[in-house]
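See below for the structure under consideration.
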Amino acid sequence: MDRLVIKVGSAVLTDENEIAKERMLNLVTLIAKLRFKYEVVLVTSGAVAAGYSALKIDKTKRIGRKAIAAAGQPILMTSYKKKFDIYDIDTAQILLTEDDFDSRKRTKSFQEIMDAHLSHDILPIINENDITSTPEQLFGDNDQLSANVAHAVNAELLVILSDIDGYYDKNPKDNKDAKLYKVINELTQEELNETSTANNPFATGGIVTKLKSADFMIKHNRKMFLTNGFDLSAAESFLLDGKHVFGTLFEPKIAKEK
Ligand code: ADP
């Protein structure tokens with residue numbers, strides 16, 4: 001079975017400081033269908049937003065954010081568990097930092113844990129461990145974490161679900177005439193150096209971190225599909241029927257030998 005990493009951002013998972021339960025359920029339903037075809041790993045944001053409903057302290061300060069994330073992680077996982085239980089899917093929680101990909105030894109241990117879960121039909125749910133780690137140990141966003149996860153688990157494809165249909169020639173939130181790119185084979189230094197433009201107060205990424213992940217995937221001869229997490233129809237058609245309706249596919253031009 002091919003492996004697939006799905007990353008869902010806070011824009012999709014949260015709504016006004018709460019978990020967007022209906023959208024989460026739609027995602028869980030899609031993952032349940034995908035598991036007939038793929039071995040799936042989920043990378044999820046949303047702990048800070050989930051925690052803020054319980055702990056209303058200043059989330060712009062480093063310690064405040066960590067304290068909220070620590071309170072939010074079990075809330076987020078409980079919410080997932082309730083939904084995955086509907087489909088009888090067992091899950092595992094994995095919290096990682098950039099350090100976990102620093103050495104071969106640590107990456108190998110991560111790969112072995114993933115293999116153990118996937119071969120026993122467990123769905124790993126990964127998030128960044130920003131609770132005890134220093135800023136230097138963090139990716140700072142789950143986009144780049146998910147690309148590293150995809151590479152480490154040898155996934156062909158990383159799917160990033162966000163609040164937009166894909167990658168546009170300019171920010172679609174400010175430009176009505178923005179044009180969606182369907183396929184991208186290469187990213188320029190200019191695109192990768194743009195300042196980040198996250199919308200949601202809980203989001204840390206913006207489009208640039210997604211492009212950096214796409215660049216990482218292309219350079220490692222893998223693919224990334226950026227699509228809408230509010231309306232999952234494009235993700236579903238692409239992943240289950242092989243139809244590319246909308247969404248941006250980032251892929252290397254010529255498949256290189258791995
Ligand atoms: P998430 O929480 O899903 O990671 P972010 O809010 O961090 O999402 O990033 C997605 C946002 O990036 C979009 O909503 C969009 O406003 C913004 N953005 C800026 N430039 C572009 C672009 N060229 N194409 C697509 N989105 C863009």
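Tabulated values for the structure
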item: For the chain, diffusion coefficient by Stokes-Einstein and Kirkwood Rh (Cα), 4 °C, 1.567 mPa s, µm²/s; result: 70 µm²/s
item: Principal axes of the range 83-228: Cα extent on each, largest first, Å; result: 47, 38, 32
item: Stretchable slack from LYS105 to VAL245, in nm (0.36 nm times residue separation minus alpha-carbon distance); result: 46.3 nm
item: In the range 1-57, trypsin sites (Lys or Arg not before Pro) in a DSSP loop with at most 15 other beta-carbon atoms within 10 Å; result: LYS37, LYS56
item: Chymotrypsin sites (Phe, Trp or Tyr not before Pro) restricted to the range 57-162 and DSSP loop, no more than 16 other C-beta within 10 Å; result: TYR87
item: Exposed GluC sites (Glu not before Pro) absent: longest stretch of the chain, with sites in DSSP loops and at most 13 other Cβ within 10 Å deemed exposed; result: 17-185
item: Per-residue [θ]222 nm for the chain (sum of -39500 (n - 2.57) over DSSP H runs n ≥ 4, rounded to 500); result: -11500 deg cm²/dmol
item: Contact order normalised by residue count of the chain, Cα under 8 Å, 6+ apart, percent; result: 22 percent
item: DSSP beta bridges in the chain [antiparallel fraction, %, rounded to 5]; result: 20 percent
item: Cα-based convex hull, the range 1-87, per residue volume (Å³, whole number); result: 87 Å³
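Rule-based calculations on the coordinates, nothing more; no lab input. In this text the structure is predicted, and so the values were computed from the model without any measurement. Heads up, the Cβs are rebuilt from the backbone with ideal geometry, glycines too, and the neighbour counts pull from every protein chain shown.
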